[in-house]
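> Let me begin by handing over the structure; questions about it come next.
The values are calculated or read from the model by the stated rules, or taken from the named source; none is laboratory data. This one's a predicted model, so the numbers in the text were calculated from it and none came from an experiment. With ideal geometry, Cβ positions are generated from the backbone for all residues, glycine too; neighbour counts draw on all protein chains shown.
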Amino acid sequence: MDLFTTYIQNSKDELVADKILDVCKKVLSETPLDDRYKFGKTTFFHSKLIEKYKEEFEPLYNFIFKNAFEYCSKLEMKNISNIKLNAIWISEMYKYGSHKLHGHNNYSELSGNFYVDAKPNSADIVFYRHEFIADPLTDYEYENYNKYNSNEWRIPAEKGNLLIWKSDLPHSVDLNMSDSRIAISFNLGIIKK
């Protein structure tokens, strides 16, 4: 019997990535370096930069919202009036960049990531089981790792791949070994009827 599980919406569209790559590079060229984001650039601290090019990001917004509604449908959620974009930011991670373990639950109900450009050796995103810190079986080895005994799941960074998850899901990004890994992260709010 399965008691609880966590769903991640996963969809891929390389054409969307191709359509927005140039505008992402343009926005990143206007983004100042910031000591809070070592080994790369991010618009996280400069949200107005993306707003200037809102129309050019329309294919991505459509792809995000389509998949966010599919996520809610998969969970059989009722009384959803709409889904809104609470925050969105572009990050280009250089070689040796990474992101420590974190969650987004203070900001939204859903969070996600879209890979615009992922060169070979780009870092994986790593998701963690909620109870991984206190799991009494974590020090044991297993014949095969599966959803019952794994405390983490790695998903490779692949161009055009979109992931959407419940915002409290702990995640991190491994050490990046490519020269450039461009990803767009976002937080979504679910509006009830």
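> Scanning segment 73-97 for residues that are without any contact (Cβ under 8 Å) to a residue 40 or more places away in the chain and not in a helix (DSSP H, G or I), which turns out farthest from LEU21 (Cα to Cα)?
LYS78
> So, of the residues in segment 1-38 that are buried (at least 18 other Cβ atoms within 10 Å of the Cβ) and in contact with a helix residue (DSSP H, G or I) (Cβ under 7 Å, 6 or more places away or on another chain), which turns out to be farthest from ILE64 (Cα to Cα)?
Among those that are buried (at least 18 other Cβ atoms within 10 Å of the Cβ) and in contact with a helix residue (DSSP H, G or I) (Cβ under 7 Å, 6 or more places away or on another chain), it is THR31.
> Could you tell me which of the residues SER150, SER108 is hydroxyl-bearing (Ser, Thr, Tyr) and touching a residue at least 24 places away in the same chain (Cβ under 8 Å)?
Result of the check over SER150, SER108: SER108.
> Sticking with this structure for a sec: Run down LYS25, LYS41, LYS19 and say which single residue is among the charged types (D, E, K, R) and in a strand (DSSP E or B).
Testing whether each residue is among the charged types (D, E, K, R) and in a strand (DSSP E or B) leaves just LYS41.
> Sticking with this structure for a sec: Taking segment 98-120, which residues are surrounded by fewer than 13 Cβ atoms within 10 Å (Cβ to Cβ) and assigned to a loop (DSSP other than H, G, I, E, B)?
Across segment 98-120, the qualifying residues are ASN106, PRO120.
> Checking the condition of a type in the set (Asp, Glu), in a helix (DSSP H, G or I) and under 23 Å from ILE155 (Cβ atoms), which residue from GLU70, GLU55 passes?
Result: GLU70 is the single residue among GLU70, GLU55 that is of a type in the set (Asp, Glu), in a helix (DSSP H, G or I) and under 23 Å from ILE155 (Cβ atoms).
> Here is a follow-up. Give me the residue from segment 129-138 that is out of contact with any Pro (no Cβ under 8 Å at 6 or more places or on another chain) and outside any loop (DSSP other than H, G, I, E, B) and, out of that set, nearest to TYR61 (Cα to Cα).
So the residue we want is ILE133.
> Of all residues in segment 42-63, which are in contact (Cβ under 8 Å) with a residue 24 or more places away in the chain and more than 24 Å from GLU30 (Cα to Cα)?
Matches in segment 42-63: PHE63 only.
> Let me ask something additional. Is it the case that segment 70-80 has a residue that's under 21 Å from GLY160 (Cα atoms) and not hydrophobic (A, V, I, L, M, F, W, C)?
Yes: one or more hits.
> Okay, moving on. Picking from LYS41, LYS52, LYS95, which residue would you name as being surrounded by 20 or more Cβ atoms within 10 Å (Cβ to Cβ), of a type in the set (D, E, K, R) and touching an Asp or Glu at 6+ places or on another chain (Cβ under 9 Å)?
The conditions single out LYS41.
> Go through segment 55-85 and give me each residue that's surrounded by 16 or more Cβ atoms within 10 Å (Cβ to Cβ) and either modelled with pLDDT under 95 or of a type in the set (Gly, Ala, Ser) (or both).
ALA68
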